[in-house]
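**Student:** Questions regarding the structure given below will be posed in turn.
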Amino acid sequence: MRKILLLNCLLFLPFLIFSQEAVKKADSALASRLYLDVSGGLSIPMGYFARDDVKFGGSGFATPGFLVQLNLDWTGKSNSGLAFQYIFQRNPLKSSVRNDILSGMSKPVGTGSWTNHYVMAGLVFLHFINNVYVEGKALIGVVLSSSPLFNTVDPVYQTPSTNTGIGPAYSAQFGVGYRISPKITIKASVEYILGNPKIHHQYGAQQTFDTITGTLVYSAPITIETKRTVSALLVKAGIVIKLSK
């Protein structure tokens, strides 16, 4: 009888181990949560980004604009996890500088805007206290920027070129909200974002014909580098959608 009982235990042991592993995986899946965050709001330039001193090489001449943001957040049992973020940001230039020629430029700034794309990732803390939602994020990534301040002009033929600056970006943000359904939460948040886009445009050696002397004149290669600091306070409102069960 004992041998039969022992044999039955051995036969059922793999099934017991398998059920325990299945329970652990189920618990882990339930503990993991995935959220989609869609927000929009006001982009308020700060620091050098808002400075309007034409004699200072780091001035950004930016005025308040808008942004659209998309987030995907994953959290585990400890309410902390990973965040992935994309931001589209647009800040018009101050009209007072449209006729100014900045250092290193051969033509007036003109009209236009800063258009910035941020792709970032980092850490997130996301927690519900009853129906109250609290979040905090610290992110790092890259920014792609276009602006009239990044335009260059061919030194020989005077043809303009538009350029895209690229550089590192950093972000810290805090948000609060309220859960209106098991899947939907409305929220408001503030974020400080900082980027350092830079362009590197090289014009190669070119030749022109001197009509006075009747000879060819060769110009030396010219490299144009421009770096700006893009910093802003982002004031946002949006919704958070819980994707996991």
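The values are calculated or read from the model by the stated rules, or taken from the named source; none is laboratory data. Quantities reported herein were computed from a predicted structural model and do not represent experimental measurements. Glycine gets a Cβ as well: all are built from the backbone with ideal geometry, and neighbour counts include every protein chain shown. When the accessible area is computed, the model is the full protein with side chains, heavy atoms only, and any ligands, DNA or RNA have been set aside. Shrake-Rupley method; radii C 1.70, N 1.55, O 1.52, S 1.80 Å.
**Student:** Just the residues that are open to solvent by 30 Å² or more (accessible area, probe 1.4 Å) and either small (Gly, Ala, Ser) or touching a Cys at 6+ places or on another chain (Cβ under 6 Å) (or both), please, taken from the stretch 42-77.
**Tutor:** Within the stretch 42-77, Gly47, Gly57 meet the criteria.
**Student:** Select from the stretch 101-138 the residues that are assigned to a loop (DSSP other than H, G, I, E, B), open to solvent by less than 50 Å² (accessible area, probe 1.4 Å) and either within 17 Å of Val190 (Cβ to Cβ) or modelled with pLDDT under 85 (or both) and list them in ascending order.
**Tutor:** Correct list: Leu102, Met105, Val109, Gly110.
**Student:** Within the stretch 77-96, track down each residue that is over 12 Å from the mean Cα position of the chain (by Cα) and part of a strand (DSSP E or B).
**Tutor:** If the condition is that a residue be over 12 Å from the mean Cα position of the chain (by Cα) and part of a strand (DSSP E or B), then Ser80, Gly81, Leu82, Arg90, Asn91, Pro92, Leu93 are the ones that fit.
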